[in-house]
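The next block holds one structure in the form of structure tokens; read it before the comments.
Every number in this text was worked out from the coordinates using simple rules, so none of it is lab data. None of these values were measured; they are calculated from a predicted model. Virtual Cβ from ideal backbone geometry, glycine too; neighbours counted across all protein chains shown.
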């Protein structure tokens, strides 16, 4: 078996046009895979310089393989099972700014640099007032980026053609807006002047994006077989699902510079990412949140098995297609296609997605993912959505704890005050008190849900049914 490097595998030389903050599994399986496809199919002709955003990271591992690695895509594509391996060759080099700060800052001096892409976790886009312009480097990601932009501004004497296009991929709604605000805070803190601020405003663009691809990461259990198949000793293989979506809130002239559509990729340039964010939260996260307790209390442990179950599968379809889809404002055929893709993802034969891993903090999740849909459905249809109401009753039942019908112990996990509230309410043994108490918890909902017409009675009826007949029979009753 060969080592993986540019002596043993071919690696194209392309102009360095992209700076990427982050070297983790997600960026390598999503962004670098996208750029690989753009190079292959749309003559994008660009390579990426990876910058490690924190002191400890993986750039040494990357450089040891000359920044080559394989992406293993697994899943269903229009019903066909796919399990592919592709060598990604788009990273030219990887830098640690904590030990190579001069080389990091020199990236700003390269005239062909055009894009900055990042995924530094949700906590990465934050203002740290202790950062100084003279730090080598600043500790925060926006601090490092501001240092780089200021150095570029000075190097090219404020030349407007040398601005950068910035795509943050952190999982924060309107991530671009947040990053831009934070850069402004550093411009003010470091007193970088109006000329630089104007250059940043007019020559650079910071665009909000929404990313979507499940990336399980390094395939520990399959790695020996994968290496055998590749005949390369690749220690950076990254597994991901087939599905990918990147929504970028930017004008069409940016799309011309970043021609992902020409490579047949699911990358959308749109005037607003908000409806796509809402679609994902409603049709992917929303069903996840309610199917999990319903499936678990019916004795089903894996999302795929829940989808294929004769009763729970019907319940999931009801919630997605008949209830949540009715509350969204995008074109119906687009929503139907997205929902079908979501179901295909839930059915991925390669991913054993445990429902219990989704159930952490179920109440706050229901509040953001399902409650808006419940209210909109009631407003539009004049009745409560039975599936979403049952999902809420299932969460309340799950938080009671105890044991499942098959003897498995039920161990809910949430904020201590929520756990205590449910413990105290269930101790009364009165489902009316349990229902009213949970729905009245303004600390969870920001309001008293007992005020929603018919909700208290509907949740209580479901709780009673689950206690008397069990979860599966209760689900059958609403189908």
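Here are the numbers:
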| item | result |
| --- | --- |
| Packing-based ranking, highest mean first, of 174-183, 96-105 given that Cβ atoms within 10 Å are counted | 174-183, 96-105 |
| Listed peptides 288-294, 337-343 by packing density, highest first (mean Cβ within 10 Å) | 288-294, 337-343 |
| Relative contact order computed over region 274-478 (Cα-Cα under 8 Å; 6+ residues apart), in percent | 25 |
| In degrees, nearest ten, helix 371-381 long axis to first principal axis of the chain (Cα) | 60 |
| Which of 438, 281 has the fewest Cβ neighbours within 10 Å, and the rest in rising order | 281, 438 |
| Cα pair count fraction exceeding 23 Å, expressed as % - region 171-266 | 54 |
| Relative packing of peptides 409-420, 160-171 - highest average C-beta neighbours within 10 Å first | 160-171, 409-420 |
| Helix-derived mean residue ellipticity, 222 nm - over the chain, DSSP H n ≥ 4, -39500 (n - 2.57), to 500 | -12500 deg cm²/dmol |
| FRET efficiency estimate (nearest 0.05) - Cβ-Cβ, residue 478 to residue 340, R0 22 angstrom | 0.45 |
| Percent RCO, i.e. relative contact order, over region 375-479, from Cα pairs under 8 Å lying at least 6 residues apart | 25 |
| Acute angle (nearest 10 degrees) that the helix 141-155 long axis makes with the longest principal axis of the chain, alpha-carbon atoms | 30 |
| For region 1-147, fraction of C-alpha pairs farther apart than 27 Å, in % | 26 |
